[in-house]
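First comes the structure, then the notes that go with it.
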Amino acid sequence: MAQMLGNWREALRREGESLPLEGLELEKALLQRQSGSLVLRFTSDAFLNAAQHAALSRALRRMLGDLKLGVRAEVAYPGLKGAFLEDPSQYAGFLFELLSSRMPACSPYLAEASLEMAGGLLSLIVPSAMGEELLRAKKAPDALETLLRELFLLKLPVALRCREKEENLEAFLRERARLDEEAGKLAAQAIQRSENEAKKGPQVLLGRAIVASQTSPIGELTEQTGRVTIEGLCLSEPEKKPVRGGNMLVL
């Protein structure tokens with residue numbers, strides 16, 4: 001096996017698969033005895049799409065077919081880490097395809113998902129609340145974090161977000177702001193009416209309007225004061241009594 005792996009590049013060329021071998025380097029070969037499989041870990045300067053990755057796996061299986069082992073290829077792209085951090089959306093399709101292969105039930109929701117990077121946090125955004133619930137149950141954020149470590153040697157936290165919930169929240173906040181604005185306008189109008197009424201003075205219910213110069217402080221009244229006019233506010237509901245004749249109320 002060591003001799004075969006020592007000439008792996010030439011052996012892959014003989015397999016006839018179209019692969020970007022110039023930027024591909026074999027970093028490690030791991031024999032997993034319990035599962036009876038051989039894991040070959042590569043690094044590459046160029047991104048291998050799904051078809052190229054499948055072609056690499058086929059070529060390796062043919063090359064090592066005499067070993068009677070299961071052969072799996074893993075390719076990491078440490079040189080593309082900066083490009084991924086700058087614009088993760090360009091790798092979203094490939095990442096979601098890998099996630100779908102590991103959790104097929106999530107495939108319909110991942111097909112409409114997107115990736116956004118902000119403040120050192122990668123957001124996996126799905127369109128519906130149902131999709132968010134399923135991906136959270138399947139631990140899709142954890143699976144994506146594992147993929148990032150495997151592919152880009154990148155340790156990055158992943159958050160799951162729901163576009164439907166965010167849009168509903170935005171709509172709620174807009175409506176709340178509108179209602180608050182209307183309430184503020186109504187309050188301002190009420191204050192203005194109150195100020196206007198204060199300028200006009202109290203409403204005359206009976207007799208003539210009270211002139212400030214005609215009023216007497218209640219503390220200065222004595223038994224000999226005689227007839228006076230006092231002015232003030234009613235602090236409780238006034239008592240109402242009918243006057244003789246029944247055509248007027250004394251408050």
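If the range 78-140 were replaced by its equivalent ellipsoid, with semi-axes equal to the square roots of 5 times the Cα gyration tensor eigenvalues, what would those be, largest first, whole Å?
Three semi-axes, in Å: 21, 13, 9.
Counting only the backbone N, which residues of the range 115-157 are under 15 Å from the spot 7 Å out from the Cα of ALA105 toward its beta-carbon?
130-141
To check you understand DSSP bridge types, tell me what percent of the beta bridges within the range 1-121 (both residues inside) are antiparallel, rounded to 5. Before the final figure, lay out each step's value.
Numbers: 9 of 16 bridges.
So the antiparallel bridges in the range 1-121 amount to around 55 percent.
Considering Cα pairs under 8 angstrom that are at least six residues apart, work out the relative contact order of the range 83-178 and quote it in whole percent.
25
Where a number appears in this text, it was derived from the coordinates with a stated rule and is not lab data. Worth saying up front: this structure is predicted, and the values here are computed from it rather than measured. Positions of Cβ are backbone-derived with ideal geometry, glycine not excepted, and every protein chain shown enters the neighbour counts.
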